[in-house]
1. Work out from phi, with θ = phi - 60° and the Karplus expression 6.51 cos²θ - 1.76 cosθ + 1.60, the ³J(HN,Hα) of each residue of region 142-159, listed in order in whole Hz, and give x for Gly and Pro.
2. So what are the ³J(HN,Hα) numbers for region 82-93, from phi and the Karplus equation (6.51, -1.76, 1.60; θ = phi - 60°), rounded to whole Hz, Gly and Pro as x?
3. Alpha carbon centre of region 136-154 versus region 91-115: separation in Å?
4. For the pair residue 81 and residue 27, how long in nm is the line joining their label points, each one 7 Å along Cα→Cβ?
5. To the nearest 0.05, what FRET efficiency results for residue 172 and residue 99 with a Förster distance of 22 Å applied to their C-beta separation?
6. Please compute the contact order of region 74-158 in relative form: average sequence separation of alpha-carbon pairs under 8 Å and at least six residues apart, divided by the residue count, as a percent.
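We did not get these values from a lab; they are worked out from the coordinates using the rules stated. Bear in mind that the values here come from a model prediction, so they are computed numbers and not experimental data. Cβ placement follows ideal geometry from the backbone for every residue including glycine, while neighbour counts extend to all protein chains displayed.
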Amino acid sequence: MKINFKNNRMMKELPSNHREIFEQRLKKELYQKRKRNYWVLKVAATTALLLSLGYYYNSTSSIVEPYKTEESITLGSLSPELEQIESYYTNAIVYELSQLEISKENKPILDKYFDRLGELTSQYKNESAQLDIDKISEKSINALIDNLQLRLQLLLQLKEKLNNSKDKKNEQNTV
C-alpha cells in the first residue's frame, strides 16, 4: 500500500488487469439489452379501445322513438285489481322461464315451446294494441288474461315434460 501524504489517506494499489475488468463491466452495463415491460401501455390501450367501442355502440343504438301523445293501455292502467292479476302472471312466467334447465338434449323441445310462447306474446301485444283502438270491453280484458294464463300453463307443461325426459334419462343410466 502506498501512502498519499497530500490527503493523509492510504491508497491501495490497483491490480494489473484493472483496466480490462473495468472495460468488461462497462461494456456489460452499456450494451445490456433491457427488457421493456409495456403492460401499462397495454392496459391503457385496452381501456381506450373498450371505452370507444362502448361509446360507439351506445350512440348508434339509441334510436329516437316517435312522440306518442298517449301511453298504450295495459291491464294495469285499467284498474288496480287487473294490475295485480297482470303482475302475478308476468312474474310467474318470468320465474318459470328462469327455472328452466337448458341443455343440448332438450333444445328441440325448448325451441318448439319457445316458438309457441313467441306467438302468444305477439298475440298479447296485438290484443293490448286493440284496447287502444276499440272500446275497452270485458271480452278483450278476458282475452288478455287468458293469454297470460295460457303462457303460464305452456311453461308449466314444458317444465313437466323436461322433468319427465330427465327422469327417463336417469332411469336409462341406472339400468
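1. Values, residue by residue: 5, 5, 5, 5, 4, 4, 4, 4, 5, 5, 5, 4, 4, 5, 5, 5, 4, 4 Hz.
2. After applying 6.51 cos²θ - 1.76 cosθ + 1.60, I find 5, 5, 5, 5, 4, 5, 4, 5, 5, 5, 5, 5 Hz.
3. Using only Cα atoms to place each centre, the spacing works out to 21 Å.
4. Those two pseudo-labels are separated by 10.0 nm.
5. E(calc), rounded to 0.05, equals 0.40.
6. This gives 43 percent for region 74-158.
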